[in-house]
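Heads up: the structure comes next, in structure tokens.
FYI, it's all coordinate maths here, none of it is from the lab. What you see is a predicted model, and the numbers here were worked out from it, not measured in a lab. Note that we place each Cβ from the backbone using ideal geometry, even for glycine, and neighbour counts take in every protein chain shown.
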Amino acid sequence: MLAVENLKVHFDVKNNRGVKTKLRAVDGVSLHLKKGEAYGIVGESGSGKSTIGKAVLNLAPKTEGKIEIDGRDITMTNRANEAWLRQNAQIVFQDPHSALNPRMTIMRSVAEPIIVHTKTRGHDLRRRVEELLDIVGLSKQFIYRYPHELSGGQKQRVCIARAIALEPSLLILDEPTSALDVSVQSQILEFLASLQRDLNLTYLFISHNLSVVRYLCQRVGVMYLGNIIEEGTTKTVFEHPQHPYTKALLGAIPYPGATQPQSAPPLIGDIPSPVDLPVGCRFHTRCPVKVANLCDRLAPEHHHQTLGWASCHLLDPDLDKVGGKPE
Ligand SMILES: Nc1ncnc2c1ncn2[C@@H]1O[C@H](COP(=O)(O)OP(=O)(O)OP(=O)(O)O)[C@@H](O)[C@H]1O
Ligand code: SF4
Ligand SMILES: [Mg+2]
């Protein structure tokens, strides 16, 4: 359903001395999502998660790479691709409060994409909006209300109704529950899981909340400084993480009912700037188990396991021959 090949998104920015430089937000990411699959992207703030979602929908400029949705190459930004994209893939953002126009009724907000992309009008349009509200669990009495009359959870349901109005096959969900009250988060998550099953949707689910991804996604990719550093089935990544960064992330966040991975050393320091990326393994400045004279020189390759892969020199069966020594 979604194939992303070697995606790079580099922004032109000025460094703190005012010199023009590149910020490598996404730096060589490949993703392959099957139809009906929920794939989660996790990682710390600034790792490039949202930029991937935006680049897939042409809302961020692609520096390099190729993107296909449902077999259609949508890498090129042109009118035909834009129109196709708006009907076949949609994004739901974190903050439902700013995503809805406060001066528009719920009817107008949800009807907008239908009016722009189809000929449905009048009675049929109203019926379709009512049907969409029903799918997201809102009664028709919401139709002439304004956003300020709705709770956060209800607003996010309206945003989801608008996102599925044109029956897209791919839905990108960028932290869809993190702006909501904790009590509402689980309701929206349950609803998203049932929506995916009922409509056979493919989800690219972006979150820094590991338990949310664990609940909703079948596979997960862990991002660090513009790269995916580990990928696998959710069960494998959560129960048998391979990469020291994934181990640290999981070790740092206890989640209920889960088998905790073996004692993971904590993360040291802050994530480096994507303007000034570390040479070698990008994680070496914070890695508690880095290998001297290797990790700060050579970028690790992907090492495949049965149900996933991770990029770390420690997983290289030929590590001894490479000549590194654990510190
Ligand atoms: N339009 C832009 N111009 C310049 N830099 C940008 C732009 N958009 C994003 N960035 C930078 O790219 C990097 C990745 O940002 P992104 O929003 O994708 O991270 P994220 O993983 O979604 O973080 P968060 O969890 O905080 O949402 C950050 O350093 C950010 O400052
Ligand atoms: S390659 Fe080296 S620095 Fe990177 S995660 Fe593995 S051990 Fe740590
Ligand atoms: Mg983000």
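Starting from the stretch 65-126, pick out the trypsin sites (Lys or Arg not before Pro) whose DSSP state is loop and whose Cβ has at most 13 other Cβ atoms within 10 Å. Can you show the working numbers first?
Values: sites: LYS66, ARG72, ARG79, ARG86, ARG103, ARG108, LYS119, ARG121, ARG126; in loops: ARG103, LYS119, ARG121.
Within the stretch 65-126, the qualifying trypsin sites (Lys or Arg not before Pro) (loop, at most 13 other Cβ atoms within 10 Å) are ARG103, LYS119, ARG121.
With 0.36 nm allotted per residue and the present C-alpha distance subtracted, the SER45-SER183 stretch has 47.3 nm of extension available. Between beta-carbons, use under 11 Å as the cut-off and find the net charge around VAL13, counting Lys and Arg +1, Asp and Glu -1. That works out to +3. Membrane-span-like helices of the chain, defined as complete DSSP H segments with a Cα extent of 15 Å or more along the helix axis and a mean Kyte hydropathy of at least 0.5, are identified as 106-117.
With a sphere of radius 15 Å drawn around the Cβ of SER194, what net charge do the other residues whose Cβ falls strictly inside it have (Lys, Arg +1; Asp, Glu -1)?
Numbers: positive: ARG157, ARG197; negative: ASP134, GLU190, ASP198.
That sum, taken over residues with Cβ under 15 Å, equals -1.
Near the amide H of VAL26, within less than 5 Å, lie the amide hydrogens of VAL9, all on another chain or at least 5 residues away, with H placed in the peptide plane. Amide hydrogen proximity for PHE205: with H placed 1.01 Å from N in the peptide plane, the residues at 5 or more positions away or on another chain lying under 5 Å are TYR39, GLY40, ILE41, LEU173. When +1 charges are put on Lys and Arg Cβ atoms and -1 charges on Asp and Glu Cβ atoms, the dipole computed for the chain relative to its Cα centre reaches about 880 debye. Compactness of the chain, taken as the C-alpha radius of gyration over 2.2 N^0.38 Å, stands at 1.07. For the pair the stretch 99-115 and the stretch 159-237, the centres of their Cα atoms are 24 angstrom apart. Using just its DSSP H runs of length 4 or more, each adding -39500 (n - 2.57), the chain gives a mean residue ellipticity at 222 nm of -9000 deg cm²/dmol after division by all residues. Counted over the chain, the DSSP beta bridges are approximately 65% antiparallel.
Taking R0 as 35 Å, what's the FRET efficiency between ASP73 and GLU112 from their Cβ-Cβ distance, rounded to 0.05? Walk me through the intermediate numbers first.
Details: r = 28 Å, r/R0 = 0.79.
Efficiency at R0 = 35 Å is approximately 0.80.
Taking the chain as a Gaussian network of alpha-carbon nodes connected by springs under 10 Å, the highest mean-square fluctuation of the residues GLU149, GLU230, GLU167 belongs to GLU149.
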